1. If the cut-off is a Cα-Cα distance under 19 Å, which aspartates and glutamates reach Lys164, setting aside same-chain residues fewer than 8 apart in sequence?
2. Asp178's amide H: which non-local residues (gap 5+, or another chain) put their own amide H closer than 5 Å, with H modeled 1.01 Å from N in plane and none for Pro or chain starts?
3. Output wanted: per-residue J couplings in Hz (rounded whole) for segment 138-145, from phi through Karplus 6.51 cos²θ - 1.76 cosθ + 1.60, θ = phi - 60°, x for Gly and Pro.
4. Residue by residue, what Karplus-based ³J(HN,Hα) values in Hz, rounded to whole numbers, does segment 44-57 have, using 6.51, -1.76 and 1.60 with θ = phi - 60° and x for Gly and Pro?
5. Report the full-extension gain for the segment Ser44 to Ala78: residue separation times 0.36 nm, less the Cα-Cα distance, to one decimal in nm.
6. Would you calculate the separation in nanometres between label points at Thr141 and Ser53, each defined as 7 Å from the Cα along the Cα-to-beta-carbon direction?
7. Would you mind calculating the relative contact order of segment 53-184 from Cα pairs under 8 angstrom and at least 6 residues apart, reporting the percent as a whole number?
8. Give me, ordered by chain and number, the residues 5 or more places off Gly172 or on other chains with an amide H under 5 Å from its own placed amide H.
Amino acid sequence: MKLVKIAALGTLALSIAGLSACNNMMPTKSPTMKAPMHSQATTSMNVVQIAQSNPDFSLLVEAVVAADLAGALSDTSASYTVLAPTNAAFVQALQETGMTKAELFANKPLLTKILTYHVLKGNTPVYQKHVRPGNYTMLSTDTLVITPQGRLMDESGRITKILKTDIAASNGVVHVIDRVLMPK
């Protein structure tokens, strides 16, 4: 019995040490970080792999997995334009809604609606040079407005800036945005 307790304590100590080491390896986030940068060529990666390759999209990746959308968005026979909110954008959205991450991720219908409101599906991805002001129907079937100034206005009337454009993927393109878009 005593041996089992010692083994359990040893395992717990190793687990804590391992988790601590993982936390120490995580990059620190600076409040001045504007747009996530990618150090490797992205054209061979799909839109999900691009998000996975950048630590500033970790909340987006968690959300996509929680909503069971990773498989669909990894489909290389499809073509997507993804408006990818940063971690800071997710934190801001949680503060604005008063929800915790756990509450949002547990509400799969709401999470799916929000995430698919960030995706435009089409025969070709929409690069910055092809973007025109107007109304766009997103994968969620909700409408997103692109203003004449090149900003995004969601159905809640909130304005979002595009921080970085045209990250090419094998199945589309990713644009980095500073807010989570909210459909009605």
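Read the figures in this text as sums done on the coordinates, not as results from a lab. Note that the structure is a prediction, hence the values are computed from the model and not measured. Note that each Cβ is placed from the backbone with ideal geometry, even for glycine, and that neighbours are counted across all protein chains shown.
1. Leaving aside aspartates and glutamates fewer than 8 places away in the same chain, those within reach of Lys164 are Asp56, Asp154, Asp178.
2. Lys161, Leu163
3. Per-residue couplings from phi come out as 8, 4, 6, 6, 8, 9, 10, 9 Hz.
4. Running phi through 6.51 cos²θ - 1.76 cosθ + 1.60 with θ = phi - 60° gives 8, 9, 7, 4, 5, 5, 4, 4, 5, 7, 10, x, 7, 10 Hz.
5. 10.8 nm
6. So the label points at Thr141 and Ser53 sit 3.5 nm apart.
7. It rounds to 29 percent for segment 53-184.
8. Excluding prolines and chain starts, which carry no amide H, the hits are Tyr80.
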